[in-house]
1. Given the criterion open to solvent by less than 10 Å² (accessible area, probe 1.4 Å), hydrophobic (A, V, I, L, M, F, W, C) and touching a Lys or Arg at 6+ places or on another chain (Cβ under 9 Å), identify the matching residue among Ala132, Ala137, Ala124, Ala117.
2. Collect the residues in segment 140-161 that are open to solvent by 20 Å² or more (accessible area, probe 1.4 Å) and assigned to a loop (DSSP other than H, G, I, E, B), keeping them in residue-number order.
3. Residue check: is Asp158 in contact (Cβ under 8 Å) with a residue 12 or more places away in the chain and in contact with a His (Cβ under 9 Å, 6 or more places away or on another chain)?
4. From Ala398, Ala392, Ala420, grab the single residue that is surrounded by fewer than 20 Cβ atoms within 10 Å (Cβ to Cβ), aliphatic (A, V, I, L, M) and assigned to a helix (DSSP H, G or I).
5. So, Asp573, is that one over 22 Å from Thr384 (Cα atoms), of a type outside the set (Lys, Arg) and either open to solvent by 20 Å² or more (accessible area, probe 1.4 Å) or in a helix (DSSP H, G or I) (or both) or not?
6. Report yes if Pro594 is within 22 Å of Arg512 (Cβ to Cβ) and in a loop (DSSP other than H, G, I, E, B), otherwise no.
7. Looking at Glu275, Glu173, Glu263 in this structure, which one is open to solvent by 50 Å² or more (accessible area, probe 1.4 Å), in contact with a Ser or Thr (Cβ under 8 Å, 6 or more places away or on another chain) and under 30 Å from Gly523 (Cβ atoms)?
8. Could you grab me the full set of residues in segment 502-517 that are open to solvent by 20 Å² or more (accessible area, probe 1.4 Å) and of a type outside the set (S, T, N, Q)?
Amino acid sequence: MKTIAKIALAFAGAAVLVSSCAKVLEENPKTRYTPDFFTTELGIDGGLTALYAHLRYLYGQAYYYNSLVTGTDEATWGQSADGNFKDADMSGAGTLNANTSRSDVLWNTVYTYINTASGIIENAESVNLAPASIAEARFFRAFDYFQLVQTFGGVPLDLGAGELAFNTSPVRESTRNTVPEVYTRAIFPDLQYAMTYLPDEMRLPGALTKNVARLFLAKAYLTYAWWLENPGDIPTYPECPRTDPDGKSAAQYFQLAYDLSLEGINNPGPYGLEENFYKVSLGANDRNKEIMLYADHTENSEQYNGSSLTYGGGGAPDNFSGWMLTWNYPNMTAKSNTGANINPVLRTDAQSNGRPWTRMAPTHEALATFNERDKDSRFDGTFTWIFHTNWALGGNPAEYVEGPNGNQIKMNEPFLTFIAEDDPTVQYTFNASQEVLGVSPNYDSYVITPSGVSRNAYPTIWKLGPYRTNTTGTGQPNAASTRPYNIAKFSEFYLIAAEAAVKGASGARSARDLVNVLRARAGKWSYQNNARKEYVADFSDELTAATPATITIDYILDERMREYYGDGFRWFDLVRTQTWAERAGTFTICGVNPSDHTPETFHRDIQKYHYLRPIPQGQLDNMKMDKAAKDAYQNPGYPTE
């Protein structure tokens, strides 16, 4: 391949692209680092801190989040979506290309920190750095390369100073390595080192451990095994044979993923499954034992939070992904006992509410995947589907508002419910506001049926909702979330092993056994989240008995949606298993207007080349190359300017 221009690399805290690097250094001279910085203990500590902090620039960043969720079988664009979301949806409302793909967030972020990690690794001996600290740097370098190779295919290992070497001079030439080279020369060796030398226990809360490295190595083996097998005949780039340089087969890598996952389950370290699904995402239980890696934030300090505590700017490092799947519920109004129309459900910083942006909406098919919601707690622990009145938090002294049947709805009672099944008695009609809500003699609240879920009104993403302990009244609903963004969960070990078992791996536990561990947990209730009351019940036996005798990849993907809906895993899941077009090619939802409660079917044009995202146009623009060279660097199917 021709040698062509590429990223101008910087150090921790600086920007990746040439055009922005000078600006950052000029405006923030205190963030400039020289190569000598990494030969000092302070520099190494600063570099390691930056590696943890850089997670905030990806996770919680809503435009990168969009690239991982919109256009999958989890979500489509919502009523207030702009081009970022319509382009990602692949359904004709926009166009995904090198200018519009928000996977640019990943590309434009991680090379800085890959180079930072290499700087730490290369200078470790000069500062007598312990192997455990080197292992942290090697983990993050592998972590970033793993995200890149899943997204773009083969990517550069040489950043200007040699393969995996620390680069101190920005360059504008590059050669992309192949997918096998990225895995076998970078990802696998770094994660294997990390798994060997990281401690069993966290040195600090949230710090890496041996089992975190084990989880990502298992996931990398699983992903690479699918790539080698290539059952969907998906093209790769740069083009290369689907063979492993070390001579291993896809079956061997599936087995490695299985074995490592069981090893992780049997040697959990400080991690484990929460006793019920509700507690996994409960704000009051953040940083729990099930969460193995997170991008951290805090409600106590803007400096350590990384962003404002009172205002959300809609850009990294704000954690604002939870706004995207939140519809504009404060638009609802109702007549109070005083005769005045009031907003019965105010915007607050409670986890059940949050800031509405309505950029994304769950499809009917996604919601239907939660098909046992009276027994399976995962729907209740994922969505806000009952909207309770809270007008008193805004200082309104009203005693009640009128309900759909002339009934009185008081404070903290349901005003709108997204019911579980279609009901022929439900009639959609204007309430006191412009919203068109369902009315039925069977319900004391307004309702929306499953077939009436629209781009305008839908169950919102409770699990990513905000949580504060230091606010009163409506709190700070317009500020970014101060919660950690969860990146990796212990439960993944079970589904990675189950997926590998479906693909032929063997061992002590079958795919059904592994899936049923999570289904049994899903059947255990201690609290009804949306009803807001204690509820002790155990439907484990019913849920595990209902699990099919033969587990398929489709069933694994259904379970992954029930466990991880809205976590930002989905695009990678569908690309890995090469099922994106099959599972997300057709979907159903109602329209954008308050009166739209008639389902429409939409189709996505997902071509095989779409399984790789385009190299960002901004990256190509900053490289010194002619158009032919740019075309050669870009992934096929995406035109360059």
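1. Values: Ala132 fails: open to solvent by less than 10 Å² (accessible area, probe 1.4 Å); Ala137 fails: touching a Lys or Arg at 6+ places or on another chain (Cβ under 9 Å); Ala124 fails: touching a Lys or Arg at 6+ places or on another chain (Cβ under 9 Å).
Sole residue among the options that is open to solvent by less than 10 Å² (accessible area, probe 1.4 Å), hydrophobic (A, V, I, L, M, F, W, C) and touching a Lys or Arg at 6+ places or on another chain (Cβ under 9 Å): Ala117.
2. Passing the criteria: Gly160, Ala161.
3. On the way: in contact (Cβ under 8 Å) with a residue 12 or more places away in the chain: yes; in contact with a His (Cβ under 9 Å, 6 or more places away or on another chain): no.
Spelling it out, it is not the case that Asp158 is in contact (Cβ under 8 Å) with a residue 12 or more places away in the chain and in contact with a His (Cβ under 9 Å, 6 or more places away or on another chain).
4. Values: Ala398 fails: assigned to a helix (DSSP H, G or I); Ala420 fails: assigned to a helix (DSSP H, G or I).
None of the other options fit; the residue is Ala392.
5. Working: over 22 Å from Thr384 (Cα atoms): yes; of a type outside the set (Lys, Arg): yes; either open to solvent by 20 Å² or more (accessible area, probe 1.4 Å) or in a helix (DSSP H, G or I) (or both): yes.
Criteria met by Asp573.
6. Taking the combined requirement at face value, the residue does not satisfy it.
7. Values: Glu173 fails: under 30 Å from Gly523 (Cβ atoms); Glu263 fails: in contact with a Ser or Thr (Cβ under 8 Å, 6 or more places away or on another chain).
On inspection, the qualifying residue turns out to be Glu275.
8. As a first pass, look at segment 502-517 and keep what is open to solvent by 20 Å² or more (accessible area, probe 1.4 Å): 502-504, 506-510, 512-513, 516-517.
Matches in segment 502-517: Val502, Lys503, Gly504, Gly507, Ala508, Arg509, Arg512, Asp513, Val517.
The values are calculated or read from the model by the stated rules, or taken from the named source; none is laboratory data. The model shown is predicted, which means the values in this text are computed figures rather than measured ones. No Cβ is skipped: glycine too gets one built from the backbone with ideal geometry, and neighbour counts run over all protein chains shown. With ligands, DNA and RNA removed, areas are computed over all heavy atoms of the protein, side chains included. Shrake-Rupley method; radii C 1.70, N 1.55, O 1.52, S 1.80 Å.
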